[in-house]
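Student: Please see the structure below; I have some questions.
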């Protein structure tokens, strides 16, 4: 009997965390709070984590959640490696990761991209901005896209759901077919960066304040002397849009029956997405009761765990060997701390290949960070990588 080696029959996933999301919104509308409330309601206080990036404000206004902050790219990279490496040990209860925010994610990526470029060229060829790196003409920006996508979506490959949080601005866009410009509420990121995230998530929502205006009239501006339209705000409400037939709001959904517009609150957000997922499953697999859907969800989670567990772990073999002969298990904490200071300085300007070897060495030693309690031989090996 023939055995198929390639191809598996698909089934619509029924769990919220099986998908990736991007929630854009104007400043102060409550994106971070809503995202945390979604995580709490769906997975409990230990089932989600808020990862604050760069200069994004820490969540000091939200209590009782698991949160961390990556101040620079090195910290972010180390956190993601830890989350991936110990997925089924330290983080087995973690289902959803909130990334706040996309603009800081790409800003740190730009800094790292410039550092990586400068580490490969002579001193007089070093650059200060992303636009000068890798030959210019979007070369630096393209490298940044690769860096960010290849790093952050490791979380998706490890089985975490991701909810990105971003900011908005009004932009003039041009239709590629008609060459006609139009206004759109979209991400504040450069188009290249925004599309890098938008193209890889399943749902993009946009939060804004919808206002009803009364007493609308046309008057002359006192300064410009041009006509302008003014009115009085009769009412306003916070909303989230997932589909916009007029294309005035830049959103996206893989679920054709998702509610186009909802009130900006946690229950409405969860209901809209879970309802869309249920309808999608029904479309392809027929009617199912809630009990049957719950059983399917458990089965799918077990399949994801089994699939990840089967993936081989690659560990690079280190060619460099420390010249100092010592007991492989000897630990000198004070010496380690001094070595860590030097290694950290080298690591910030290291090449991608050197960084990969550093991570492989730490991984082989059973760690994902510079832990001074590791054997001193580990840090001597790391020092040799930069010689």
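Student: The conditions are (1) under 24 Å from the mean Cα position of the chain (by Cα); (2) at pLDDT below 95, and residue 235 fails exactly one of them. Which is it?
Tutor: (1)
Student: On to the next question. Considering (1) surrounded by 10 or more Cβ atoms within 10 Å (Cβ to Cβ); (2) modelled with pLDDT under 85, say which one residue 339 fails and leave the rest.
Tutor: Checking residue 339 against (1) surrounded by 10 or more Cβ atoms within 10 Å (Cβ to Cβ); (2) modelled with pLDDT under 85, the one that fails is (2).
Student: Next question. For region 107-123, what are the residues that are more than 14 Å from residue 348 (Cα to Cα) and buried (at least 17 other Cβ atoms within 10 Å of the Cβ)?
Tutor: Passing the criteria: only 107.
Student: Take region 38-62 and flag every residue that is over 14 Å from residue 95 (Cα atoms), at pLDDT 95 or above and more than 17 Å from the chain's Cα centre (by Cα).
Tutor: none
Student: Further question: Check 96, 42, 23, 105 and return the single one that is under 15 Å from residue 159 (Cα atoms) and touching a residue at least 40 places away in the same chain (Cβ under 8 Å).
Tutor: 96
Student: Please count how many residues of region 355-370 are over 26 Å from the mean Cα position of the chain (by Cα) and part of a loop (DSSP other than H, G, I, E, B).
Tutor: The number of residues fulfilling the criteria is 1.
Student: Out of curiosity, is residue 66 touching a strand residue (DSSP E or B) at 6+ places or on another chain (Cβ under 9 Å) and free of Cβ contacts under 8 Å to residues at least 40 places away in the same chain? Write out each step before concluding.
Tutor: Working: touching a strand residue (DSSP E or B) at 6+ places or on another chain (Cβ under 9 Å): yes; free of Cβ contacts under 8 Å to residues at least 40 places away in the same chain: yes.
Yes, satisfied.
Student: Could you pull out the residue among 277, 273, 249 that is farther than 30 Å from residue 175 by Cβ and either buried (at least 19 other Cβ atoms within 10 Å of the Cβ) or assigned by TED's automatic domain parsing to the domain that holds residue 166 (or both)?
Tutor: Unique residue meeting the criteria: 277.
The values are calculated or read from the model by the stated rules, or taken from the named source; none is laboratory data. Here the structure is a predicted model, which is why all the values come from computation and not from measurement. With ideal geometry, Cβ positions are generated from the backbone for all residues, glycine too; neighbour counts draw on all protein chains shown.
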